[in-house]
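Colleague: Sharing a structure below in C-alpha cells format, with a few things to ask.
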Amino acid sequence: YSFCTLLVKTSNMNTRRGFILLLLLVQVSAQCELFETRRADILRLQQLDHQQGTPFTPTSTNGKHTPVITLTGTEAKVTVGTGTISGDAALIHPTDRTTPHFISTIYATNQNDVIIAMTMLSGTTDQPSLTFEVPLGTTSIQAFSFCNTHGLFGSDVMQVTSTGSSTASCSITPCFEDTVGIENGVCAQFAVMEADALRRQLSEHLRDTPFTPDDTNTKHTPFITISGTSAKVTVGLGTVSGNTADPIHPTVSSEDPLVIHYIEMIFVKDQTGKIIAASYLTATSSPPSLEFTIPSGTTSLRAFSMCNTHGLFQSSDVAV
C-alpha cells in the first residue's frame with residue numbers, strides 16, 4: 001500500500017473467522033461482534049470522558065453533533081449536524097485537523113438495538129457520513145455519531161417502510177479517503193491519528209508523551225522485527241522473546257464497556273520522526289500487529305501502540 005494509506009485491521013472471530021484489510025463482509029442476521037465491541041469501547045469513553053454511559057439525546061444545543069437520517073427508497077444515509085438538512089453551516093459538524101476535532105465513528109441500529117451498519121472515519125474526512133441499504137426486516141432506524149472530543153450522540157428514531165432484500169453485513173466500512181494527502185512532507189491522516197492519541201494520553205493518563213519501554217510495561221510495549229525490506233510490529237515482550245512466561249498484550253473482545261481491552265492503533269516513525277506506516281485495529285484483531293515495507297532511505301524505526309484502556313506506548317529505536 002502507499003505511504004499515506006490508513007488501514008483498518010480486523011480479524012473475524014468465532015463463527016466469523018478471517019483476516020482482511022479495509023473491509024470485512026460477512027452476512028449475519030444477529031449481532032455482529034465487530035460492531036458490538038466497537039460500540040462497547042465508545043460507551044467506555046463516553047463514561048470516562050463525559051460521565052455518562054449512554055448517548056446524548058437530540059436537543060437544540062447539540063444540533064452540530066446530532067446525526068440525521070435521510071431515506072431514499074431502500075437506501076439510508078446518516079450525516080452529522082442538523083445543518084446538513086437545513087443548510088445552516090453553523091450546525092454542520094466540522095473536521096478540524098489541528099485540534100483535532102472530528103467524527104470518528106457513525107453507526108445505525110434497528111428496532112431491536114442491533115447495529116446494522118457502521119463506519120470509521122479519519123480526521124481528514126470532510127462531511128462525515130454513512131450510507132447503506134436498509135436490511136431486510138428493519139422497521140425503524142436510529143443513528144449515532146461519535147465525536148472524538150465531545151462524545152456520542154443519538155438521533156431520533158425513524159420509521160422504515162422500504163427495505164432491501166439482504167440482511168445486514170458484519171462490516172466496518174472505513175471512510176479514510178485521502179482528502180488532504182501529503183502536507184508539508186507529512187501524511188495528514190497519520191498526523192491527525194497521532195495528535196488524537198496524544199490528546200487522549202493527556203486527558204486519560206495525565207501525560208502528553210507516550211510511555212517509554214521499561215520492565216513493568218513489557219505487556220504494552222511494541223516490538224519491531226525486520227526481515228529484509230519488511231518490518232512487523234507486535235505488542236508484548238512474549239511476541240519476540242520466545243519465552244512463554246513473558247507477557248503478550250491480550251485482545252479481550254467484549255460487549256461490556258468495563259471489560260473490553262485491546263490495542264486500537266499501531267504506527268511507526270522513521271529517524272526523522274515522520275510516520276511511515278499506521279493502522280487502526282479492532283477488538284477482534286488478534287494478535288495485534290502491523291506489517292509494512294520499509295521505505296527507501298529509512299535508517300531507524302520506532303513503533304507506537306495505543307491500548308484502549310492503558311494508553312500510548314513506544315518501542316526502543318531499531319536500526320535498519
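Here, each number is a calculation from the coordinates, and none is a lab measurement. Since the structure is predicted, the reported quantities are computational estimates derived from the model, not experimental observations. For neighbour counting, all protein chains shown are included, and Cβ atoms are generated from backbone atoms with ideal geometry for every residue, glycine included.
Colleague: Evaluate the relative contact order of region 241-298 (contact order divided by residue number), counting alpha-carbon pairs under 8 angstrom at least 6 apart; express in whole percent.
Modeller: 29 percent.
Colleague: While we're looking at this one, here's another question. Of the residues VAL160, VAL192, VAL268, which exhibits the maximal mean-square fluctuation in a Gaussian network model of the chain defined by a 10 Å Cα contact cut-off?
Modeller: Looking only at VAL160, VAL192, VAL268, the largest GNM fluctuation is found for VAL160.
Colleague: Sticking with this structure for a sec: Quote the charge dipole size of the chain about the Cα centre in Debye, to the nearest 20; the model charges only the Cβ of Lys and Arg (+1) and of Asp and Glu (-1).
Modeller: In total the dipole reaches around 260 debye.
Colleague: Now for a separate question. Which one of TYR280, PRO295, ILE260 is farthest out on the positive end of the charge dipole of region 189-320, using unit charges on Cβ (Lys, Arg +1; Asp, Glu -1) and the Cα centre as origin?
Modeller: Towards the positive end, the residue furthest out is PRO295.
Colleague: Something else about it: Once amide H atoms are placed 1.01 Å from N in the peptide plane, what residues at a sequence separation of 5 or more from ALA117, or on another chain, have their amide H within under 5 Å of its amide H?
Modeller: Result for ALA117 returns ALA108.
Colleague: Same structure again: Could you work out the relative contact order of region 182-320? I mean the mean sequence separation of Cα pairs under 8 Å and 6+ apart, divided by the number of residues, in percent.
Modeller: For region 182-320, the relative contact order is 27 percent.
Colleague: While we're on this one: What label, among [x] 59, 43, 37; [y] 121, 34, 34; [z] 75, 54, 36, belongs to Cα extents along the principal axes in Å computed from the structure on display?
Modeller: Only one listed value fits the structure, namely [x].
Colleague: For the chain, modelled as a GNM with alpha-carbon contacts under 10 angstrom, which of THR82, THR244, THR149 fluctuates the most?
Modeller: Result for the chain, Cα springs under 10 Å: THR244 fluctuates most.
Colleague: Under the rule of at least 5 residues apart or a separate chain, name every residue whose amide H is placed under 5 Å from the amide H of SER122.
Modeller: Here the answer is CYS175, since their amide H atoms fall under 5 Å of that of SER122.
Colleague: Taking the chain as a Gaussian network, Cα atoms linked when under 10 Å apart, which of ASP156, ASP41, ASP196 shows the biggest mean-square fluctuation?
Modeller: For the chain, modelled as a Gaussian network with Cα springs under 10 Å, the answer is ASP156.
Colleague: If you don't mind, another one. Would you tally the net charge around HIS205, using a Cβ to Cβ cut-off of less than 13 Å, leaving HIS205 out, and scoring K and R as +1, D and E as -1?
Modeller: Local charge sum for HIS205: 0.
Colleague: Hey, what do the phi angles of region 255-269 turn into as Karplus ³J(HN,Hα) couplings, whole Hz, using 6.51/-1.76/1.60 and θ = phi - 60°, x for Gly and Pro?
Modeller: 8, 8, x, 7, 10, 4, 7, 6, 8, 9, 7, 9, 9, 9, 10
Colleague: Sort out for me the Cα centre separation of region 206-235 from region 66-102, rounded to whole Å.
Modeller: Cα centres, region 206-235 to region 66-102: 37 Å.
Colleague: Rounded to the nearest 500, what is the chain's calculated 222 nm mean residue ellipticity when only DSSP H runs of at least 4 contribute -39500 (n - 2.57) each, over all residues?
Modeller: That comes out to -4000 deg cm²/dmol.
Colleague: Something else about it: Scan the chain and hand back the longest stretch that contains none of the trypsin sites (Lys or Arg not before Pro) lying in DSSP loops with at most 14 other Cβ atoms within 10 Å.
Modeller: By the stated rule (loop sites, at most 14 other Cβ atoms within 10 Å), 18-206.
Colleague: Below 8 Å between Cα atoms, with a sequence gap of 6+, how large is the relative contact order for the chain in percent?
Modeller: Reported relative contact order: 19 percent.
Colleague: What is the dipole size for region 184-281, taken about its Cα centre, with +1 at each Lys and Arg Cβ and -1 at each Asp and Glu Cβ, in debye to the nearest 20?
Modeller: Here the size comes out at about 300 debye.
Colleague: On to the next question. If you only keep lysine pairs separated by 8 or more in sequence, or across chains, how many in the chain come under 23 Å at the Cα atoms?
Modeller: So the count works out to 9.
Colleague: Then there's this: Using R₀ = 30 Å, calculate the FRET efficiency as 1/(1 + (r/R₀)^6) where r is the Cβ-Cβ separation of SER203 and VAL157; round to 0.05.
Modeller: After rounding, the FRET efficiency stands at 0.40.
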